[in-house]
Each structure stands twice: as C-alpha cells, then as structure tokens.
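What follows is a short report on a single structure.
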Amino acid sequence: MASQTVKTGFTLGHNYVNDLTRFLRWSHKGRQDRHAAQTEYAILKQYHGIEKGLSLKEPRPGFGQEKIKDLLVRIDTYEKDPAHKPAVVKAAIGSLLDYRTFNRTHDVSQLWLDRWLEARSSQQIEHAERDGGVEHVTRAAILEKTAGVTENFFMSRHSIRNFSGGEVPFDDIERAANIARKTPSVCNRQGPRSHCFMNASKALKLQSGNAGFGHQASRALVITSDIQAYSSVGERHQAYIDGGLYAMSIVYALHALGYGSCMLAWNQTMQKNAKARTKLGIPDNEVIIMMIAVGTLPDELVVANAYRRPVSSSLFVHPDE
Ligand SMILES: Cc1cc2nc3c(=O)[nH]c(=O)nc-3n(C[C@H](O)[C@H](O)[C@H](O)COP(=O)(O)O)c2cc1C
C-alpha cells in the first residue's frame, strides 16, 4: 500500500515536472517578443484591457496610459515579424480609436496616441473601426435574441452513445466551431482549438471511453488549448478552464444544430500525450483537453438518465450579513 503511494507520487511528480517544462517552454511570460504567436497573445491581453475599461459604467478618462504606450511599442515590434496577423493589429487599433474618442469627449488630449494613429494607413483605420473596440447594445435587443431559448434547450442535451451513422458535413462542424469562438476566455486570448478528424476513428482509437459507440461517430473533435496564450504562474491551469468552456460551447452548438455528441475524457500520462500529439499532428505548444465524438441522431434512442444531485448540493447561499 505504502509502496503503491510512493510509486504513484513519483509518477505524479514526473508528470508535473513535464507540465512545468512545457509551460516554461511555451507560455508567453517574458518571451512575448520571441515568437509572433506569443506576442499576439500579449497584444490581445493588452488591448482587451482597453475594451474592458471602456465597457465599465463610468470609465476613468485617460485610464491605463502607461500600459497603452507599451501596447503601441509591442504592436510596432509585432508588425515587423513576417508571421504577424494584420487582423490582430486592426482589432487593437479599433480599441485604440474608441479609447481616443472616449478621451477626446472628456477633454483628455493624448498627442502620443494621435501621432501613432496618424502614422497608420487609412485602410488599417477603416477596417479597425469595424473590428475592435466597444459596441453599444440594448437590453431589448439581447432579450429579443434570447426569447426563443428556454431551459428545454439545456435539459434536452444528453451525451449520445448511439449514432445513426450518417455523415456530419464539415460545414456544420465549422458552424459549431464558429459559435464556440464566442466562448469567454481569459482576457479574450482565445487559447482553445478544435482539431476535426473527418475520419473519426483516427482519433477515437486513442481513447478508450468511446468503446461500443465511437465507430458510429462521423467526426471526432480533439479540443486543445494553446499554452502560448498563458503567462503568469497563476495561469498554469488556465488552458484547462478555457478549453473546458470552449468544449461545452461546441457541444451546445452541435445540439442546437441537431447533432449528437459525447465528450470523451483525455486523462493521460505525459508519454501518452506525446504519442497522441505525434499521431494526430497536434503541435507541441497545445495541450489536449478532451475529445468529442460527433454523429447523427437516430430517430429513437436510449440515453443515460444521468441522475443529477439536487441543486442544493451544488448551490450554496452565503447570506448578506
Ligand atoms: C470531461 C468529460 C469526459 C467524459 N468522458 C466520457 C467518456 O470517455 N466516455 C463516455 O461515454 N462519456 C464521457 N463523458 C460523458 C459523461 O459521462 C456525461 O456527461 C455524464 O454522465 C452526464 O450525462 P449527460 O452528458 O448525458 O448529461 C465525459 C464527460 C466529460 C465532461
């Protein structure tokens, strides 16, 4: 018994060290200007601060100037990298334009920002106005869009372990992935990814929990998170949080599109992770979160009742005292 605990502890420690090494290798703390992808995440994080500040009830005029000056320098560096993505720069510029407009209406002049924006091409500015910054929405518009959604939508989702064998067109997978892009992520860094295996068995044969139904699935999704999106020590588990939320969105999106899906656990050792990344062509900077089997629904099927504990066992009230 004791020797088993020691053995488990040793293996666990070894795996943690592997996680640590991979986090040190790929996370962007202090290395954001080494790879375009890492700088991109740092830029997303920084301009998210502008959007966040502007979406408060009472933004403080001139907020965050020092951080925004850093952002301008970072964008200049990023743009020199041939691997940079113009869309990221445009979204950042969109936020900066809204920031300038807000400050101008509060009589805060920022010549450094004016000069930086003036040096931008008119095309960049024109596109940016659509891409980043803040938008005005109304309660009525939100309620109108959610009017058709009831508890039934959530209560009618089940893990499906009996697919009818039809094909799920890639367009619908893309539609679900497009919806899942709306999932919240830390500082809107959007670390999660979906790898869609058109031949589901290529991925599913590496996971044991789909035995008995995986062969009926049309597609397999391997959900990952890009470690490059994360930076501080406190973010060492963030890949799993963002990835889990994203996976839930994809599953609800597939449910909305009329397909069945089943999340599949990826609880693997470092060795199995490395093997799977190689076999499935998943880059080293991504961590596998889970797989999802996707298929067409039979006209009639049996689903697990999946008993839920009463809400009182997961909702705890802390009275106002
Ligand atoms: C991370 C995760 C991993 C899962 N892995 C498996 C799996 O390997 N095989 C399986 O049949 N179901 C798997 N499930 C589905 C759960 O068993 C299921 O969500 C749970 O029993 C509740 O049932 P419901 O989804 O039908 O409401 C997994 C679910 C999650 C969230």
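The values are calculated or read from the model by the stated rules, or taken from the named source; none is laboratory data. What you see is a predicted model; the values in this text were computed from it and never measured. All Cβ positions, even for glycine, are placed from backbone atoms using ideal geometry, and neighbour counts span all protein chains on display.
Taking the stated definitions as given, is Ile125 away from the ligand (no atom under 16 Å from the Cβ), modelled with pLDDT under 95 and of a type in the set (Val, Ile, Thr)?
Yes; evaluated as a whole, the condition is true for this residue.
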What pairs can you find where one residue is in the range 295-320 and at positive phi and not assigned by TED's automatic domain parsing to the domain that holds Phe197, the other is at pLDDT 95 or above and within 16 Å of the ligand (Cβ to nearest atom), and their Cβ atoms are less than 9 Å apart, with a gap of 6+ or different chains? Ala306/His158; Ala306/Ser159
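Please specify each residue of the range 26-54 satisfying the condition of being surrounded by 12 or more Cβ atoms within 10 Å (Cβ to Cβ) and either free of Cβ contacts under 8 Å to residues at least 12 places away in the same chain or over 21 Å from the mean Cα position of the chain (by Cα) (or both).
Of everything in the range 26-54, those that are surrounded by 12 or more Cβ atoms within 10 Å (Cβ to Cβ) and either free of Cβ contacts under 8 Å to residues at least 12 places away in the same chain or over 21 Å from the mean Cα position of the chain (by Cα) (or both) turn out to be Arg31, Asp33, Lys52, Gly53, Leu54.
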Yes or no: Ile227 crowded, with 19+ Cβ neighbours inside 10 Å, over 23 Å from Ala256 (Cα atoms) and away from the ligand (no atom under 16 Å from the Cβ)? yes
Do you know which of the residues in the range 290-321 that are among the aliphatic types (A, V, I, L, M) and exposed (fewer than 12 other Cβ atoms within 10 Å of the Cβ) is farthest from the ligand (Cβ to nearest atom)? Val317
Residues that are more than 17 Å from Gly258 (Cβ to Cβ) and of a type in the set (Val, Ile, Thr), drawn from the range 151-205: Thr183, Val186
Would the range 164-175 turn up any residue that is crowded, with 22+ Cβ neighbours inside 10 Å, touching a helix residue (DSSP H, G or I) at 6+ places or on another chain (Cβ under 7 Å) and modelled with pLDDT of 95 or more? no
Out of (1) on the phi > 0 side of the Ramachandran plot; (2) more than 20 Å from the chain's Cα centre (by Cα), the odd one out for Gly281 is which? (2)
So Cys262 ticks every box in (1) part of a loop (DSSP other than H, G, I, E, B); (2) closer than 24 Å to Arg175 by Cα but one. Which box is left unticked? (1)
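Yes/no per residue for (1) within 12 Å of the ligand (Cβ to nearest atom); (2) touching a Ser or Thr at 6+ places or on another chain (Cβ under 9 Å); (3) closer than 22 Å to Thr21 by Cβ:
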site	(1), (2), (3)
Ala217	yes, yes, no
His237	no, no, yes
Gly260	yes, yes, no
Asn267	yes, no, yes
Lys275	no, no, yes
Ile288	yes, yes, yes
Given Ser164, Ser194, which one is of a type in the set (Gly, Ala, Ser) and part of a loop (DSSP other than H, G, I, E, B)? Ser164
Among Ala220, Ala239, the single one that is in contact with a helix residue (DSSP H, G or I) (Cβ under 7 Å, 6 or more places away or on another chain) and in a helix (DSSP H, G or I) is Ala239
